[in-house]
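Following: one structure in structure tokens, then a few remarks.
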Amino acid sequence: MEEKKELIEEIKKLIVVNKDETVDINPSFLEYFEIDELLSIKNELKVKKSNISQTSLGYLDELYEKTKKDEI
């Protein structure tokens, strides 16, 4: 049960976009998930967050290059 609580806390942190934001998840809803399902959710969130970061970096690099050339 302790492992499940830790996973839920990690998932909450991954869901948050703004550091000042908090996410509340109904504990009774989470009881339906097994450990392997929570691990899967956590891993999917990590991948999505990583992909968003990479996309943002690419966009910012492109924007920076355009500003250097005064193309905006």
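If you check every pair at least six apart or on different chains, which have Cβ atoms under 8 Å apart with a residue in the stretch 1-24 that is farther than 17 Å from Glu37 by Cβ first and a residue that is open to solvent by 50 Å² or more (accessible area, probe 1.4 Å) and at pLDDT 80 or above second? Once the first residue is farther than 17 Å from Glu37 by Cβ and sits in the stretch 1-24, its partners that are open to solvent by 50 Å² or more (accessible area, probe 1.4 Å) and at pLDDT 80 or above give Val23/Ile15.
Select from the stretch 18-49 the residues that are modelled with pLDDT of 80 or more and closer than 16 Å to Glu3 by Cα and list them in ascending order. Answer for the stretch 18-49, where residues must be modelled with pLDDT of 80 or more and closer than 16 Å to Glu3 by Cα: Tyr32, Phe33, Glu34, Ile35, Asp36, Glu37, Leu38, Leu39, Ser40, Ile41, Lys42, Asn43. Contact map, the stretch 47-72: residues that are within 22 Å of Ile15 (Cα to Cα) paired with residues that are surrounded by 10 or more Cβ atoms within 10 Å (Cβ to Cβ) and modelled with pLDDT of 75 or more, Cβ distance under 7 Å, separation 6+ or inter-chain. Pairs shown: Lys49/Leu14.
The values are calculated or read from the model by the stated rules, or taken from the named source; none is laboratory data. Computed from a prediction, not measured in an experiment: that's the story for all the values here. All Cβ positions, even for glycine, are placed from backbone atoms using ideal geometry, and neighbour counts span all protein chains on display. Calculation scope for accessible area: heavy atoms of the full protein, side chains included, ligands and nucleic acids excluded. Shrake-Rupley method; radii C 1.70, N 1.55, O 1.52, S 1.80 Å.
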